[in-house]
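Right, one structure below, let's go through it.
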Amino acid sequence: METENVAENETPESVTVETRFGDIEFSWDKGIYMPVGLLGFPDHHVFGLANIPNAALDQFKLYQSLTDANLSFFVAPYNMESDVYDDKDLVVAQKSLAISASDMAILMVVTIRSAPGGKGVTMSTNVRAPIIVDTGRQVAWQHVMRNDRYPVQLDL
């Protein structure tokens, strides 16, 4: 039997996760660390971001736990040119998380449900608690916006 010469504490360069879309390889050095985890999933701290291998879902990304293959979310990158968020609320989030404006990216968690009567699907996004990523440090938080005008479910 052959064994690899890998130091006991050496971290592998990548991890292949068996997702619902097939095997996707994630590089550990591109992982996004969430010190607090996601709402409802506080014990999961390292995620990867990948394109979904389905042309019908091009506008979304897969936010995949790198330590639990069963935990993943569809996310939609927020277009900073849109008017969903007031600039002042984005500045508050940026300051409270100590992220520079140039390093801030926002991911909207998307929920997909069967439509009533089983006719297709409905999609909504959580505008109230987006994932805010500091792209410079590869650290993210699910930030709850203080302004209650942002709904938890905004239909897409």
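Among the residues of this structure, Asp58 counts as one that is farther than 21 Å from Trp141 by Cα, of a type in the set (Asp, Glu) and under 18 Å from the mean Cα position of the chain (by Cα).
Checking each residue in region 40-69 for being more than 22 Å from Thr122 (Cα to Cα), part of a loop (DSSP other than H, G, I, E, B) and either in contact with a strand residue (DSSP E or B) (Cβ under 7 Å, 6 or more places away or on another chain) or at pLDDT below 90 (or both) picks out His44, His45, Leu66, Thr67, Ala69.
The residue pairs whose first member lies in region 86-106 and is farther than 15 Å from Asp148 by Cα and in contact (Cβ under 8 Å) with a residue 12 or more places away in the chain, whose second member is hydroxyl-bearing (Ser, Thr, Tyr) and in a loop (DSSP other than H, G, I, E, B), and whose beta carbons are closer than 7 Å, counting only pairs six or more residues apart or on different chains, are Asp103/Thr135; Ala105/Thr135; Ile106/Tyr78. When the strands (runs of 3 or more DSSP E) confined to region 84-156 are screened for residues that are under 12 Å from the mean Cα position of the chain (by Cα) and at pLDDT 90 or above, those reaching at least 2 such residues are found at 104-114, 131-134, 139-142. For region 99-117, indicate whether the set of residues that are over 26 Å from Val17 (Cα atoms) and surrounded by 15 or more Cβ atoms within 10 Å (Cβ to Cβ) is non-empty. Among the residues of region 99-117, at least one is over 26 Å from Val17 (Cα atoms) and surrounded by 15 or more Cβ atoms within 10 Å (Cβ to Cβ), which makes the answer yes.
Residues that are loosely packed, with under 13 Cβ neighbours inside 10 Å, of a type in the set (Gly, Ala, Ser), in a strand (DSSP E or B) and over 16 Å from the mean Cα position of the chain (by Cα) do not occur anywhere in region 3-13. The set of residues from region 23-39 being charged (D, E, K, R) and not in a strand (DSSP E or B) comprises Asp29, Lys30.
The values are calculated or read from the model by the stated rules, or taken from the named source; none is laboratory data. The structure presented is a predicted model; accordingly, all values stated were derived computationally and were not measured. Heads up, the Cβs are rebuilt from the backbone with ideal geometry, glycines too, and the neighbour counts pull from every protein chain shown.
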